[in-house]
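What follows is a short report on a single structure.
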Amino acid sequence: MALRLEPDVATFTSLVRAAARGGDHVAAARWFYRLGKFGIESDRLIFSAAMSSAVRTGDLGVAEQLFRHACAKGIPQDLFNFNVLIDAAAKQQNLTAAHAWFQAAREARLTPDAITFNSLIHAASAVKPADAERWYLEACAAGIDQGLDTLNTVLHAFARTGDMVRAEAFFSRIAEAGLKPDVYSFGAMINGYAKRGDLKAATARFAEMEAGGFVGTVIQFNQLLKACANASPPAAAYAEELFRHMVASRGLRPDQVALRSLGRLAGSRRLAELCRKLGVDQAEIMGGPDDTRHMKWVLSPPPWRYGRKQGGAVAPPCGASQAAQVDGTSSATLALSGSSPDWRPRRGA
């Protein structure tokens, strides 16, 4: 006599998890929906596995459908699940959906926490810095402390768009919060001024960064070279001094970005001459992988990749003996040595 076995919730939980591990969020959702056909009650564990799978693959639509289905089946929802949806929308830079789920959480009488606001701030920073600032201020008004990572996110958003007045305001907030700026804080400011061609301000922030114990890297020197190129008039002589200091004094290996920036300023012939004198293998560097593909990540690294502070202050990029002029200011001065989604159960769901 054949033995007939009936599946239970553990069976479907295993199937959902297996599909999720295989990256098949559609299959995970399908197994979750089939629970009802066998008269098995859904629980929070299997729902979380199915929704997390959809979120990991970036399918916000499926995640939202699963959420509504779970509500229809009476599975209680907490702030964690709303945060998952807000974060999923934020990662897609879908501010409308992120804000809608934020409002839905409030309608459910849930109090937003730091995770909620951080997701909204990070989403808005990539699209609309003013909204990122608004979410930051709302979080502060709610008594939720924001750390350096969040301040850096808003600071970088304003600096990226050239609004250095607002960027400076958030840079000042770092000290007001009893925190110290890190290499990302300074990097965002240097890059923001570089885009505007404000070489004096960019160099001042570079010197301040190194005085604080952070060692300048090729990335920061590239930003200063960008400032030279964007200055009016372009500061070709100062750019050469920066390049010499970077290679000869700091022992840094220039990348393609540095060579291209200096080449645009000084010309290809002068660039080749400088490379020969400094022992830089221009052909090898330019023949390697394209460094520019990684620049966006380097200028705005995720919080867990911030550079580490190094001990001891380092000399400014240019010495007092240099006489290159930028807008009438000597390079020594520039160096400054010192509406909610319907998440409720639908009829017939």
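Only the coordinates and a few stated rules stand behind these numbers; no lab work does. Small disclaimer: the values here were computed from a predicted structure and weren't measured. When we count neighbours, we look across all protein chains shown, and the Cβ atoms used for this are built from the backbone with ideal geometry, even at glycine.
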- Task: Kindly put W135, W31 in sequence by how many other C-beta atoms sit within 10 Å of each C-beta, fewest to most.
- Result: W31, W135
- Write down the radius of gyration of the range 144-221 and its Dmax, each obtained from C-alpha positions, in Å. 11.7, 37
- Task: Using amide H atoms built 1.01 Å from N in the peptide plane, name the residues 5+ places from L179, or on other chains, whose amide H lies under 5 Å from its own.
- Result: none
- Item | Violating pairs (Cα-Cα greater than 25 angstrom) within the set K91/K200; K128/K195; K226/K277; K91/K180 | K91/K200; K91/K180
- Query: Taking 1 over the mean of 1/r across every pair of different Cα atoms in the range 9-77, what Kirkwood radius in Å do you get?
  - Reply: 11.5 Å
- Cα centre as origin, Lys/Arg/Asp/Glu Cβ charges: the range 119-183 dipole, Debye: 120 debye
- Task: Starting with the fewest neighbours, write out T161, T96 ranked by other beta-carbon atoms found within 10 Å of each beta-carbon.
- Result: T96, T161
- If each residue's Cβ is checked for other Cβ atoms within 10 Å, how do Y193, Y136 rank with the fewest at the top? Y136, Y193
- Using the charge dipole of the range 1-60 (Lys, Arg: +1 at Cβ; Asp, Glu: -1 at Cβ; taken about the Cα centre), state which of W31, T57, L15 has its Cα farthest towards the positive end. T57
- Item | Dipole moment magnitude, nearest 20 debye, the range 149-197 about Cα centre, only Lys, Arg, Asp, Glu C-beta charged | 160 debye
